[in-house]
Structure formats: C-alpha cells, structure tokens
1. Starting from the 7 Å offset along Cα-to-Cβ, what nm value, one decimal, do you get for the label separation of L14 and R40?
2. What's the Kirkwood radius of region 4-67 in Å, using all Cα pairs?
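Please treat every number below as a calculation from the coordinates, not as lab data. A quick note: this is a predicted structure, and the numbers were derived from the prediction, not measured. Heads up, the Cβs are rebuilt from the backbone with ideal geometry, glycines too, and the neighbour counts pull from every protein chain shown.
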Amino acid sequence: MIVQSQIQLRLSQLEQETLMEVANGLCNKDIAKKHHTSQRTIERHLSRIFTKLHVSSRIEAVEKAKQLGLIPEHHML
C-alpha cells in the first residue's frame, strides 16, 4: 500500500486544495469560482484525484483521503 507522503507527493497542490474543498462540501461550481477557473478544470482535477486514489466518486475520495491521513477526520462531505 502506498503511504500518505507518497500520495501527497503525487497530488498536485491544486488537487490537494480541491480535495479539501470537496471534503468541506463545496460543489464544482463553487470550487471553480473560488479558484477563478472553470468547472471543467475542477472536473479534471477530480478525475486525476480519483485515478490517483483508486476511487470513483467524491465520497470515496474523501473517505480514502481520511483513511490515508490526507485530510482531518472532522471534515465531512
């Protein structure tokens, strides 16, 4: 199994931020507004996150990130 630090190194800064915002309950539109980018860009970030974490949904990504210690347990989707 890949350790936390290896996953973090594989996630770009924007991917890590996107994952945290998903954990905080933000939708793609709100994340895009916050970063002054398009929803499509956020969708691409999420697609890469899903691939890197070997998951297929936002909920799975947040749960896996919690299990790996990438985000604090208190963050809820």
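1. 1.3 nm
2. Details: mean 1/r = 0.0864 Å⁻¹.
11.6 Å is the Kirkwood radius here.
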